[in-house]
Amino acid sequence: MNQLKQVIIYTDGACTGNPGAGGYGAVLIYGEHRQEISGGYKLTTNNRMEMMAAIAALEALEQKCAVTLHSDSKYLVDAVTKGWAKRWQANGWKRNKKEKAKNPDLWQKLLDLCKKHQVDFVWVKGHAGIPENERCDTLAVQAAQGYNLPPDEGYM
């Protein structure tokens, strides 16, 4: 039986205003290999960028992997590890009887990717000197400051 590749991922999102121009960054590490990815949108939210960082990183993996994904977003980490996102999905993307869940398009993508890969989500404190998290923040801020950013269709 083939053992899954062990991949470490760090992610972060940034927004200039909330909503505003936003960006995401991710660092993927597999053994000696390292990949950095980023992207941005002209109008979005910080939470959407936190989620997009995780989605883009997981989508970059070409085969099923065992992933430890580090994020400084409690929204992202708690929604997955505490089962909130799966519950929202089961309830037709509603948080409760009256309130719709936000970002169902991204939650659906993320939950699908979590079925494809073995993903452990780990919360890390932001801006606490963790080198890879700091690098993701830099990538996200730079992406948010890009020119001719595309629209975030799911936000619009």
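Every number here is computed from the coordinates shown, using simple stated rules; none is lab data. Keep in mind that what you see is a predicted model, and the values were worked out from it rather than measured. Here the Cβ is made from the backbone with ideal geometry for all residues, glycine too, and neighbour counts use every protein chain on show.
A compact table of results
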read-out	value
For ARG135, ARG48, ARG95, order by how many other beta-carbon atoms lie within 10 Å, fewest first	ARG95, ARG135, ARG48
Charge dipole (debye, nearest 20) of the chain; +1 at Cβ of Lys and Arg, -1 at Cβ of Asp and Glu	880
Burial ranking of peptide ranges 4-11, 102-109 (average Cβ count within 10 Å, highest at the top)	4-11, 102-109
Helix-only [θ]222 nm of the chain, DSSP H runs n ≥ 4, -39500 (n - 2.57) each, per residue, nearest 500	-11000 deg cm²/dmol
Cut-off under 5 Å, modelled amide H: who pairs with ASP152 long-range	LYS42, LEU43
Dipole magnitude of region 1-90 about its Cα centre (Cβ charges: Lys, Arg +1; Asp, Glu -1), debye to nearest 20	340
Ranking of LEU76, LEU149, LEU43 by count of other Cβ atoms within 10 Å, fewest first	LEU43, LEU149, LEU76
Cα-centre dipole for region 66-156 with unit charges at Cβ (Lys and Arg positive, Asp and Glu negative), debye to 20	700
Among GLY25, VAL77, GLY126 the positive-end extreme of the charge dipole of the chain (Cβ point charges)	VAL77
Ranked by how many other beta carbons lie within 10 Å on average, peptides 53-60, 23-30, 35-42 from highest	23-30, 53-60, 35-42
